[in-house]
Amino acid sequence: MTKGTVAIVGAGLVGCVAALAFEKKGYKVLLFESRPDCRSPDQIAKYSFRSINLAVSARGIETLRFIDDKLAEKVLANVLPMHARMVHDLKGNQVSQDYGLNGEAINSIDRAYLNRLLLDEVDIKNNIKTYYNHKLVASDFEAEGGRVMLTFEHEGKPIIFEVDSLVGADGAYSTTRKHLQRNVRMNFSQDYIDHAYLELYIPPNPASVSNEDKWSISPNHLHIWPRHAFMLIALANLDGSFTSTMFAPWKCFEELDSDDKIIGFFEQNFPDALKLMGKDTILNSFHQNPRGSLVSTKCNPYNLAGKCIIIGDAAHSMVPFYGQGMNCGFEDVRVLINILEKNEFNIQQTYDEYSMTRNKDLLSIIDLSMNNYTEMRHSVVSNTYLLRKKIDGI
Ligand code: FAD
């Protein structure tokens, strides 16, 4: 006997974790994803030229443990812990700033690897059925028998499913949220910052002779090149490379409109990073990789009775400077399931209580993420100065 059928829209990081959590509590789960399976060979080939990583923190790991200790261990076996940030100044000096007094760390992990691992986990659960290439296009929350009727577009045709409840984990531009907004008096705001991001790449150490020296800079740091108005960061990958991200005003990217200007900009602002990346790699990234926009979304309530709720970026996208977007989405799942158990699986009571109690924390983390941009691109420099003053007596 299942407790009911839950549709989860979005098989990204948060949707997969939600599917596993609902299944564990006895629900039948239908997991829908608009894209093809990211593990299929053509999809792997499509994305293999880029290795995008992110930081998984204690907040996210606690949720993975809540679902299954073994799942958390599998994830942790493939991370690189970062115990400190490493601040790079213009002369190439590096100063380490610990994240905690007791060796606390955030962990660098390959995003695609994590998504694939979660999908592998989803696949072995009998009570989760996954539908790829199914894009949610309509939701009827007044279907007969109190059920929810969902329409998906699949290979150009509409397909209808009936479920007891819909969980929207379909990202910052959520369709579920739009459907919810037509039925709920939802307060909603969306803020773009005037900065964009671009993914860059630091190849493995070309002079490497052993497994230990395959990284050109420390793999156990989150590297930052703070330059006040803009910055560069880098997180290590297991193969010796680093995924680096440049954050800067849109205007700055627009002005870098020739190869000479791009290289000149790096010579002036990130000379040590230029050496690590190499001119060709930088130019390649500038020519091939898209500029991404950065958006914060706040809304409340997150639900319509027990019929629909939104979690993850669908409910609270945030700028990435606190490294907590996914972690916070994972936490949503843990908080929601804890309330569900407390309310003896009364879904309506659970969703209502979640909306009422979760909002305050989500608004705080969205604001903290925004404030941390100033910290990372600007304030760390003064901290570095203070630290060096303490150590070197300068
Ligand atoms: P998404 O990852 O956006 O997944 C949504 C899924 O829904 C997608 O697969 C999409 O195809 C699918 N979908 C969309 N519409 C439909 C539809 N109509 N029907 C069916 N499926 C649909 N977070 C961290 O915790 N740590 C970090 O270090 C970190 N670094 C970041 C760095 C950058 C540069 C950026 C931009 C973000 C970073 N984040 C980080 C944030 C993190 O990427 C997001 O919070 C996380 O991906 C949100 O996961 P999600 O599953 O909610 O949404």
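The table below gives the values:
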{"item": "Matching residues, segment 248-283, being free of Cβ contacts under 8 Å to residues at least 12 places away in the same chain and either farther than 24 Å from residue 378 by Cα or of a type in the set (A, V, I, L, M) (or both)", "result": "257, 258, 260, 274, 280"}
{"item": "Criterion violated by residue 352 - all others in (1) farther than 27 Å from residue 223 by Cα; (2) crowded, with 22+ Cβ neighbours inside 10 Å satisfied", "result": "(2)"}
{"item": "Of all residues in segment 162-172 being in a strand (DSSP E or B) and buried (at least 18 other Cβ atoms within 10 Å of the Cβ), the one that is farthest from the ligand (Cβ to nearest atom)", "result": "165"}
{"item": "Helices (runs of 4 or more DSSP H) enclosed by segment 238-339 - at least 3 residues per element that are modelled with pLDDT under 95 and of a type in the set (A, V, I, L, M)", "result": "none"}
{"item": "Among residues of segment 3-37, those that are modelled with pLDDT under 95 and within 8 Å of the ligand (Cβ to nearest atom), counted", "result": "0"}
{"item": "Check on residue 352, within 16 Å of the ligand (Cβ to nearest atom), over 11 Å from residue 167 (Cα atoms) and either among the charged types (D, E, K, R) or not assigned by TED's automatic domain parsing to the domain that holds residue 174 (or both)", "result": "no"}
{"item": "Looking only at segment 179-238, and only at residues there that are aromatic (Phe, Trp, Tyr) and touching a residue at least 60 places away in the same chain (Cβ under 8 Å), the one that is farthest from residue 321 (Cα to Cα)", "result": "188"}
{"item": "Matching residues, segment 121-139, being surrounded by fewer than 18 Cβ atoms within 10 Å (Cβ to Cβ), in contact with a helix residue (DSSP H, G or I) (Cβ under 9 Å, 6 or more places away or on another chain) and not basic (Lys, Arg)", "result": "126, 127, 137, 138"}
{"item": "Residue within segment 202-223 that is under 30 Å from residue 134 (Cβ atoms), at pLDDT 95 or above and not in a loop (DSSP other than H, G, I, E, B) present", "result": "no"}
{"item": "Selection within segment 147-178 - touching a residue at least 60 places away in the same chain (Cβ under 8 Å) and on the phi > 0 side of the Ramachandran plot", "result": "171"}
{"item": "Segment 40-50, subset more than 18 Å from the chain's Cα centre (by Cα) and surrounded by fewer than 14 Cβ atoms within 10 Å (Cβ to Cβ), residue modelled with the lowest pLDDT", "result": "49"}
{"item": "Criterion (among the hydroxyl-bearing types (Ser, Thr, Tyr), exposed (fewer than 15 other Cβ atoms within 10 Å of the Cβ) and within 16 Å of the ligand (Cβ to nearest atom)) met by exactly one of 285, 293, 208", "result": "293"}
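The values are calculated or read from the model by the stated rules, or taken from the named source; none is laboratory data. No experiment lies behind these values; they were computed from the predicted model shown. Virtual Cβ from ideal backbone geometry, glycine too; neighbours counted across all protein chains shown.
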